[in-house]
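Novice: First, the structure itself, so that you have it in front of you.
The values are calculated or read from the model by the stated rules, or taken from the named source; none is laboratory data. From a predicted model like this one, the values you see are computed outputs, not experimental measurements. Backbone-built Cβ (ideal geometry, glycine too); neighbour counts: all protein chains shown. SASA here: full protein model, heavy atoms, side chains in, ligands and nucleic acids out. Shrake-Rupley method; radii C 1.70, N 1.55, O 1.52, S 1.80 Å.
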Amino acid sequence: MADPEQLARLLSATAGGDQRAFRHLYDASGPHLFGLLLRILKRRDWAEEALQDCFLKIWQKADTYAPDKGAPLTWLMTIARYRALDLLRAKRPEVELPEDGEDASMQFADDSSGIDPQAGAVEQEGMGRLAECMRGLQDEQRRSVLLAYYEGYTHQELARALNAPLGTVKSWVRRGLQRLRECLGE
Amino acid sequence: MRIERPRLKQALSAAYVLGTLEGRARRRFEQLLAARADLREQVRWWEQRLAPLQDGFVPQAPHERVWTAIDRQINASKTTSLPTTAERRLRLWRTWALLATAACAVLAVGLVRELDRPPPPVQIVRVEVPVVQPLPYVALLRPGESEAQWLVTLSPERRLIRITGAGRFPLDRARESLELWVLGDDGQPRSLGVMPADGDAEMPMPRGLTMPARPTLAVSREPAGGSPTGLPTGPVITVSPAQRAS
């Protein structure tokens, strides 16, 4: 894992237009981003295209990184994951969710008390806390959330992969996230 | 989308981060995100809470062609877009790199000519006798925009840098410093320290610095106290190859 302080320095120099620092940043973080992109996009050519997009974006937006956005590598990986999701949907439009009912699928019961987000990074708590909360999910909920996270599956792809009706899968994801929220927010 | 309900706001943010917010809903949410700090806060909360999952991705080395494409694009975009401060600096940086390359080329041509010419026997003797105290490297640095000039003498064996200045370089000293750099054989600039805008100075050579075979010196304008990054961030005002004094 790349040294966060070094990555922060490289990001800062990149923001100043330093191409050499940018190359070092690419060398240090590129394989992490590429691993993510390959996993989600499955195809090397798409992953390479996405990696290129990511680093062009990083070159342009390095100055928007701030430590309160999390560790540098987390920030970079987050950019890559969103890029992968966008590219996946653009390359495979046939798997896009039908428009009807998408809002309803997001409705939560309003009975439980709201948990406000806490400011500041909590990555130090790391996998421990998240893993604990993951264990608190039902198996189907956990599998749905992890497949969506690591494979970039849409609801329809999840339904196919888990051999379950679309509505059921949507509910697994929704309730899984809701329980994670309650567990992580405590 | 009745986005004001807190539970819905949370749910949409979570689904957005996970990726299960799809299609038109995702695009609408992205538009809202640009305008709404409260949603960005929710999204960041989820990004950070789920970040430990990133450890589950296995790093893979990309092919070098990806970098080649990135490099080509960032250098192509610079010439077509309006220069921002960063790009202006970058251009100066590139100019400097080109100058340094040119300086090296000039040196190389000189060297080749030297090699082509059969050296007088006396010189051969001089080369083969071990030099106990090598001569210092000398460079004359003359920034175009002022009367100032600096004779910089580097004595690696004594770990000493001596600067003899003439003329004054206009500088707002409260806000700016001049920083001296040596460009190594790998093209990487290394700081030799902050130097005076006028007058003479002696400073120690930075610890761990090894003199390149063909050093090029340069001076850049930096924030007061020197570059915060360890690499030049401001305009390079002068550049010159340093040669062994004879």
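Novice: Can you work out which of the residues in region A:136-165 that are among the polar types (S, T, N, Q) and within 11 Å of another protein chain (Cβ to nearest Cβ) is farthest from A:K91 (Cα to Cα)?
Specialist: A:S144
Novice: Tally time: how many residues in region B:192-205 are assigned to a loop (DSSP other than H, G, I, E, B) and either open to solvent by 40 Å² or more (accessible area, probe 1.4 Å) or at positive phi (or both)?
Specialist: Qualifying residue count, region B:192-205: 3.
Novice: Out of all the residues in region B:158-173, is one or more under 16 Å from B:P235 (Cα atoms) and crowded, with 16+ Cβ neighbours inside 10 Å?
Specialist: Yes, region B:158-173 contains at least one residue that is under 16 Å from B:P235 (Cα atoms) and crowded, with 16+ Cβ neighbours inside 10 Å.
Novice: Within region A:26-33, does at least one residue satisfy the condition of being open to solvent by less than 30 Å² (accessible area, probe 1.4 Å) and more than 19 Å from the chain's Cα centre (by Cα)?
Specialist: yes
Novice: Next question. Please indicate, with yes or no, whether at least one residue in region A:166-184 is in contact with a Leu (Cβ under 6 Å, 6 or more places away or on another chain) and either in contact (Cβ under 8 Å) with a residue 60 or more places away in the chain or at the interface with chain B (Cβ under 8 Å from one of its Cβ atoms) (or both).
Specialist: no
Novice: Here's something else I'd like to know. Residues in region B:221-236 that are touching a residue at least 24 places away in the same chain (Cβ under 8 Å), within 12 Å of chain A (Cβ to nearest Cβ) and either assigned to a loop (DSSP other than H, G, I, E, B) or open to solvent by less than 20 Å² (accessible area, probe 1.4 Å) (or both): how many?
Specialist: Within region B:221-236, residues that are touching a residue at least 24 places away in the same chain (Cβ under 8 Å), within 12 Å of chain A (Cβ to nearest Cβ) and either assigned to a loop (DSSP other than H, G, I, E, B) or open to solvent by less than 20 Å² (accessible area, probe 1.4 Å) (or both) number 8.
Novice: Six or more apart or on different chains, Cβ atoms under 6 Å: show the pairs whose first residue is in region B:40-67 and at the interface with chain A (Cβ under 7 Å from one of its Cβ atoms) and closer than 13 Å to A:L33 by Cα and whose second is among the basic types (K, R) and not in a helix (DSSP H, G or I).
Specialist: From region B:40-67, no pairs qualify.
Novice: Then there is this: Considering only region B:231-246, state which residues are under 23 Å from B:Y137 (Cα atoms) and not polar (S, T, N, Q).
Specialist: B:L231, B:P232, B:V236, B:I237, B:V239, B:P241, B:A242, B:R244, B:A245
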